[in-house]
Structures are given as structure tokens and as C-alpha cells.
Amino acid sequence: MRQLLVRVGRQLVLVPIVALASYFLMASLPLTTEDDNKRQVSPELAASYRRDLGIGEPLGFLRPWQKLFRGERLGTSAQGVTGDELLLKLSGSVGVGLVALALALSWAMAFALLKNRWRSGRLAVLGDAVPAVAFGTPVFIPALLLAPAVVERGNLLPELTAALVISVWPGVFLGTLLGDALETELARDYVRTAASKGLSPGVVLRRHVLPNVLPALLDAIGPVATALLAGSFAAERVFGLPYFGQLYVLAVLQKQVAVVVVATTVFASVLVVVGLGVEVVRLIVDPRAREARA
Amino acid sequence: MRRVPVQAWVGLALLGGLGALSLLAGRVFPEVLAGACPLGQDPTRPDRTVCELAFGGLWISLAIGLAAGALSTGLGLLVAALARMAGGALERWVMRLADAFFALPDVLVVMVLQLAGQSLVDAGSGAGLGPFGLMVVSLALVGWAGPARMFRNRLDTLEGQEFVAASRALGGSGSHVLRVHLWPALRPFVLAVFLSRLPAAILAESTVSFFGIARMEPMSLGRYLGTSYAALIYEGGSRVVLPAWTLLVLLVLGASLASQALATRTRRA
């Protein structure tokens, strides 16, 4: 139990670290309003910068959060965000991310099975080439290729296409791990025993092999969640989806520093929640993890 | 000395070929490329061909990747070596910090660092860094954590070997062991880690430049696609997107092949 609490504590500590680091980095920015500087910020933006970050105030780092919880707007009136809007945008991104995760798991299973089949044949080279192509393709490239067909249609098609686009690399990444784990497990004695007792290959896979392979997948869920959320930035920008990724990119482009501080911390919190979720799922599905805790 | 695997040679040849091609076609003889480009003019810049912009962008992207990859690998190696030499609680905390850094996505942190760096440059306190230098420093500050973790683990494995124990027993200091015994064994691994950082840095730069956050001039591949993406969407951009995509994929394929082969060879050695 103590070990579990230490692991949870190590994950949770990331949130205040990110909150403080992003606050002090942003609070130290020399945003200039001088007319002779080509890239000066507007007086309204400079005022919101001092006001929202509580510059010069004791415990100023709490100011953005205080404003957010009071329902006040962070940033300038035209481009800022309130707590409710932030939650709404976050829920949109998380929704797209969850659909993408489901798709990624499907790609992973399909790629792992194909890779296993290709291993002994002439197509073995595809097992290495497909991950390289998937990794070498930034999310915005397939998004740009698909955008003309979906961007003005609405009816959740842009959201679904965004999920499809951002799921490809995580799916292939998970599939590679799953394929390697499957290869190891399929060579074990218990698989041969189950098959020799007359079980069909599908039943052996589902009942015996997959439960042993699942923990390897869980280890990769953290990086996959990071990749999905980071991928959503580009997909939302190209498909014009008004969610969290778009908010973040616009906040950086428009120097809405208080929004950047809050959004960065929220992003880190989402990753921590995913990490904690993975720990819980591991305890449920992996008896070895429960025994280790005991 | 073990032979360098064929896979690594293929990857290095691909990288070298792309580098030479981008230098010759994008920088030395751009007029030849402009005259012979089968893909025609760029829709948003009628004075330039798609091939000129793609190969010119590849040269910039490759230069950023090489510089950022080298800097982040060097930083990671320095952190790992110092952590191993310090040992104990300091090593544990430094590695936890590296893990925390590693958990955050590169693109997000690079965006924040670009915002901070650009504000400093605009205020005249950017220490002479232009967009290129700023991007390289941002990518290095993001990318050191992965190499630090890998080098630390590799050093830990190497230090468990008998020749290191023998050197220590003969009175070799920490820095002597590191310099004389560990560094020669670590060198191929450093090259493998550097090559693995190369595509990560290029992809992060492409994405951040695509958003329009980095002000890369001349344009990198990402900025090239990002500055005209509205036109690409509405005027059918596959003619423009496909060459840039192919170059990126080939670059990543070359770096991945070489890095994986060298890392496998190092582990077996």
C-alpha cells in the first residue's frame, strides 16, 4: 500500500511543479508596449498580463486560478477564456482523444496480428517500414490531405476525422509493442498445452495469451495519451475544431500568458489522471501487480 | 571490433544522401531545381516552385535536427554522467526530474519555450539568438531528458562489469573510469541516441513551425506547410504536401534504421 501511495504521490507532484514552473516562466517575460518595438503587445494585453498573473502580489501564482474559479475571464476580453469555457473545450478534446484511443487500440490489435503473420514471409519488411512511416508523419500532414473533404461538412465528421488522424501513430506504436509481446507469449509452453488440448487458436489467444500481454500495453498508455493529446493540437488547428488544442495554440500565438499557464497545468493534470487510471486498471487486470502490492 | 550492421549503413546513407541532395538542390543549385520541377509553382508563392521550397525546407529542418539532436544528446550525457558520479539521493532526484520532463509532450513545452524566448528576443535580451538558435535551444531543453535516462541506465550496466570494478580496485577515480573505460564503450551508444533524437527534433520543430509559432526564415518544412495551409485545404494541397511528407518520412526512416541497428549492436557488444 505504501508503495502504491508513493507512486501516486510521484505522479501528483507533477501538477504543482508544472503550475509553478509555467507561472514563473510566464511572469518573468518582458512583454513590451513601447511604440518603437515592432512586436509590442497591445496595452490591453499588457494590462491583462499584470492583472491575471498578479505580478508583484504576494501569492500571485494563485491569481489565475482564483479568477478561474470565480468565473472571471482570463486574458483579454476578445480572446480570453473563462473556467466554464475551458472545461467545455477540454471535454471536446478529451472526447476526440477517447475516440482516438479506441481507434488506436483497434489499429494496435490489427497491426500486431498482421506483424505476427508477416514475420515469416516476404512481407516481414513491412513490420519495420510501417512504424517508420507512421512515426515520420506529423499529424498535420494526413490532416491537411483529408481536410478538403471534411472541413465544411460538420455533423461530427471533422471530429471523427481528427480522431482517425491522431490515432494512427499511437496505434502502430502500441501494435509494435503488442506484436513483440505476442511473439514472446505465443512461444511459451502454456500456449502449446492449451492448443494441444483442442482449444481453437482464437480461444487460446483470447483466454490465455491476451491477459498476459495486456500489462505490456498498459505501460505504453502514458506515452500514447501524451501523443494523442499533443496530436490533437495539430488536428484541431487544421480541422478548425474549437477545443483545447486550438485554445492552447491561439493562446501562445496571441501571448495570452495566463491562459498558457492554466492550460499547461490542466494538460499536465490530464496526463496525471491518465497515469492514475492506468495504475487502477493494472491493479484490476494484472494479478501480478496485486501480488506485488500485497 | 564488431562490424557495423548493413541496416545502419543503409540508414546513414539515406541520411547523408538526403543531406547532400538538400544542400545541392536547395542551397547550391536552386535554379536547376526551379527549372526542372515537375510539381509546378507553389499556390501561395507563384515565384517559387514546390521542389525549391520542399528541398530548401528540408535543408533547414535537417540543420535544426542535427544541431538540436547534438545539443540535447550532449546535455543528456552531461546530466547522466554528473548524476552517476554524484550517486545516492541526488542521482535519484535528477532522474525523477528527467522522468517528469519526459512525461510532457515535446510540442507543448517547445511552444511555451518559444513564447518565452521570442518575448526575450523582442525585448532585446535574447543573447543574440535568432529564430534558428532559439528553436535549437528550445528543442535541446526539451529533449535532454530521454537521452539522460538512457545514458544513465547504460552507464549503470557498464559500471557493473568486471573491468570497471578492476579499475576502481586499482584506485581509478570516478572521472578516470568514465574517461578511460566507460567512454569508449559508450561512444556507439551516443551515436545511436543522437540519431534517435534527430527525427524527434525535426518532427517537433515541424509541428511548432506549422502552427506559426516559430518564425523560421528561410522556411523549414513545417513552416512552409504552415504558412500556406489554408490555401492547401481549399485548393487541393496534395501536390504541395506529398513531397514534404515524403522527405520527412525518408529522413525519419534513415535515422530510425541507423539508430536501431547501432543500439542493437551496442547492447550485444
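Test of understanding: among B:P147, B:P184, which residue is under 30 Å from B:A200 (Cα atoms) and surrounded by fewer than 18 Cβ atoms within 10 Å (Cβ to Cβ)? Steps first, answer last, please.
Working: B:P147 fails: surrounded by fewer than 18 Cβ atoms within 10 Å (Cβ to Cβ).
Being under 30 Å from B:A200 (Cα atoms) and surrounded by fewer than 18 Cβ atoms within 10 Å (Cβ to Cβ) holds for just one of B:P147, B:P184, which is B:P184.
Buried (at least 20 other Cβ atoms within 10 Å of the Cβ) and either at pLDDT below 85 or under 30 Å from B:L253 (Cα atoms) (or both): is that true of B:L141 in this structure? Explain how you work it out, then say what you get.
Values: buried (at least 20 other Cβ atoms within 10 Å of the Cβ): no; either at pLDDT below 85 or under 30 Å from B:L253 (Cα atoms) (or both): yes.
Here the answer is no, as B:L141 does not meet what is asked.
Go through segment A:10-20 and count every residue that is closer than 21 Å to A:L53 by Cβ, surrounded by 13 or more Cβ atoms within 10 Å (Cβ to Cβ) and more than 9 Å from every other protein chain (Cβ to nearest Cβ).
3
Being more than 14 Å from chain B (Cβ to nearest Cβ), surrounded by 15 or more Cβ atoms within 10 Å (Cβ to Cβ), at pLDDT 90 or above and in a helix (DSSP H, G or I) narrows it down to one residue among A:G179, A:G171; which is it?
Details: A:G179 fails: at pLDDT 90 or above.
Selected residue: A:G171, the only one of A:G179, A:G171 that is more than 14 Å from chain B (Cβ to nearest Cβ), surrounded by 15 or more Cβ atoms within 10 Å (Cβ to Cβ), at pLDDT 90 or above and in a helix (DSSP H, G or I).
Cβ-Cβ below 8 Å, separation at least six or inter-chain, first residue in segment A:137-154 and facing chain B (nearest Cβ under 9 Å), second surrounded by fewer than 19 Cβ atoms within 10 Å (Cβ to Cβ): which pairs?
Going by the 8 Å Cβ cut-off, the qualifying pairs are A:L145/B:S238; A:P148/B:Y234; A:P148/B:G236; A:V151/A:G240.
Looking for whichever is surrounded by 18 or more Cβ atoms within 10 Å (Cβ to Cβ), touching a helix residue (DSSP H, G or I) at 6+ places or on another chain (Cβ under 8 Å) and either within 14 Å of chain B (Cβ to nearest Cβ) or small (G, A, S) (or both) here; the options are A:A100, A:A110. Which one fits?
One residue alone meets the criteria, A:A100.
Do we find that B:S175 is among the hydroxyl-bearing types (S, T, Y) and buried (at least 17 other Cβ atoms within 10 Å of the Cβ) in this structure?
Details: among the hydroxyl-bearing types (S, T, Y): yes; buried (at least 17 other Cβ atoms within 10 Å of the Cβ): no.
In short, no.
Kindly indicate whether A:G245 is closer than 23 Å to A:P16 by Cα, crowded, with 19+ Cβ neighbours inside 10 Å and out of contact with any strand residue (DSSP E or B) (no Cβ under 8 Å at 6 or more places or on another chain).
In short, yes.
Could you identify the single residue in A:L218, A:L250, A:L205 that is surrounded by fewer than 24 Cβ atoms within 10 Å (Cβ to Cβ), touching a Lys or Arg at 6+ places or on another chain (Cβ under 6 Å) and part of a helix (DSSP H, G or I)?
Of A:L218, A:L250, A:L205, the one residue that is surrounded by fewer than 24 Cβ atoms within 10 Å (Cβ to Cβ), touching a Lys or Arg at 6+ places or on another chain (Cβ under 6 Å) and part of a helix (DSSP H, G or I) is A:L218.
Could you list all residues from segment A:52-71 that are hydrophobic (A, V, I, L, M, F, W, C) and in a helix (DSSP H, G or I)?
The answer is A:L53, A:F61, A:L62, A:W65, A:L68, A:F69.
Filter segment B:1-48 down to residues that are touching a helix residue (DSSP H, G or I) at 6+ places or on another chain (Cβ under 9 Å), within 30 Å of A:V125 (Cβ to Cβ) and not in a helix (DSSP H, G or I), then give me how many there are.
6
Provide a single number: the residues in segment A:132-190 that are among the acidic types (D, E) and out of contact with any helix residue (DSSP H, G or I) (no Cβ under 6 Å at 6 or more places or on another chain).
Final tally of qualifying residues: 4.
When you scan segment B:119-217 for helices (runs of 4 or more DSSP H) that lie fully inside it, which ones turn up with 1 or more residues that are touching a residue at least 60 places away in the same chain (Cβ under 8 Å) and of a type outside the set (A, V, I, L, M)?
Once the helices (runs of 4 or more DSSP H) in segment B:119-217 are filtered for at least 1 residues that are touching a residue at least 60 places away in the same chain (Cβ under 8 Å) and of a type outside the set (A, V, I, L, M), what remains is B:131-143, B:145-159, B:183-210.
Would you please name the residue that is surrounded by the fewest Cβ atoms within 10 Å (Cβ to Cβ), looking only at residues in segment B:86-112 that are facing chain A (nearest Cβ under 8 Å) and in contact with a Ser or Thr (Cβ under 6 Å, 6 or more places away or on another chain)?
The first filter runs over segment B:86-112 and keeps only residues facing chain A (nearest Cβ under 8 Å), leaving B:96, B:100, B:103-108, B:111-112.
Subset that is in contact with a Ser or Thr (Cβ under 6 Å, 6 or more places away or on another chain): B:105, B:107.
Numbers: B:P105: 23, B:V107: 29.
Within segment B:86-112, the match that is surrounded by the fewest Cβ atoms within 10 Å (Cβ to Cβ) is B:P105.
Counting just the residues of segment B:237-259 that are assigned to a helix (DSSP H, G or I), at the interface with another protein chain (Cβ under 8 Å from one of its Cβ atoms) and not aliphatic (A, V, I, L, M), which one comes out nearest to B:D42 (Cα to Cα)?
B:S238
Check segment A:280-290 and report whether any residue there is within 13 Å of chain B (Cβ to nearest Cβ) and either of a type in the set (V, I, T) or not in a helix (DSSP H, G or I) (or both). Break it down stepwise before answering.
Taking segment A:280-290 and keeping what is within 13 Å of chain B (Cβ to nearest Cβ), we get none.
No, segment A:280-290 contains no residue that is within 13 Å of chain B (Cβ to nearest Cβ) and either of a type in the set (V, I, T) or not in a helix (DSSP H, G or I) (or both).
Per-residue answers, yes or no, for (1) of a type in the set (S, T, N, Q); (2) facing chain B (nearest Cβ under 10 Å); (3) within 27 Å of A:A27 (Cα to Cα); (4) in contact (Cβ under 8 Å) with a residue 40 or more places away in the chain:
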position: A:V224; (1), (2), (3), (4): no, no, no, yes
position: A:F239; (1), (2), (3), (4): no, yes, no, yes
position: A:L247; (1), (2), (3), (4): no, no, yes, yes
position: A:V261; (1), (2), (3), (4): no, yes, yes, yes
position: A:T264; (1), (2), (3), (4): yes, yes, yes, yes
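The values are calculated or read from the model by the stated rules, or taken from the named source; none is laboratory data. No experiment lies behind these values; they were computed from the predicted model shown. No Cβ is skipped: glycine too gets one built from the backbone with ideal geometry, and neighbour counts run over all protein chains shown.
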